[in-house]
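The structure under discussion appears below in the form of structure tokens.
The values are calculated or read from the model by the stated rules, or taken from the named source; none is laboratory data. These numbers were taken from a predicted model, which means no experiment stands behind them. So basically every Cβ, Gly included, is an ideal-geometry build from the backbone, and we count neighbours across all protein chains shown.
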Amino acid sequence: MMYKRLLYAGKATVLKACKDAGIDLYGHNDFCEPCVLAKKIDEILKVAVTVATRALEYVRLDLVVYDVTGYLGYLYTIYFVNVFLGYYWIKFVKDKSDCLKAIQNWLAMVKRQTSLKVKVIGLNGGTEFG
């Protein structure tokens, strides 16, 4: 879902577009490393188990750990997904120990901006926050 919002076409779409345009791809046609890393969000659970009835009633969190340090030294990305609206927030953190503070700051920010409290935070049961 996020890759669609950012207009990432995806490998299958690009290969089909090239074929439809008559462009032949020879040799190794894998995407570059930044493209592959940018698509790591595909690991995020896309279907919520709980149904929300209002904005910020249920927010899913996921932490994506990258194999290589990214721009400005970030190694982790926290994805916040408002299940009701399908809206994403993304926070980058350099160290796993910074995750709790980033989540607390995000909760304070959405409460300040919307006057709504997050009722439930859902995790996928992974060990990435541990």
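Take LYS111 and decide whether it is out of contact with any strand residue (DSSP E or B) (no Cβ under 6 Å at 6 or more places or on another chain) and more than 25 Å from TYR71 (Cα to Cα).
When the stated conditions are applied, LYS111 passes them.
Taking the stretch 104-114 as the range and being charged (D, E, K, R) and surrounded by 12 or more Cβ atoms within 10 Å (Cβ to Cβ) as the test, only LYS111 passes.
Evaluation of VAL93 against the conditions (1) over 23 Å from LYS119 (Cα atoms); (2) surrounded by 12 or more Cβ atoms within 10 Å (Cβ to Cβ); (3) at pLDDT below 90 shows that the sole unmet condition is (3). Among the strands (runs of 3 or more DSSP E) confined to the stretch 54-127, the ones with at least 3 residues that are without any contact (Cβ under 8 Å) to a residue 40 or more places away in the chain are located at 76-82, 87-93. In the set TYR87, TYR71, only one residue is more than 15 Å from PHE129 (Cβ to Cβ) and either modelled with pLDDT of 95 or more or loosely packed, with under 12 Cβ neighbours inside 10 Å (or both); that residue is TYR71. Against the criterion of being of a type in the set (Lys, Arg), surrounded by fewer than 16 Cβ atoms within 10 Å (Cβ to Cβ) and at pLDDT 95 or above, LYS117 does not qualify.
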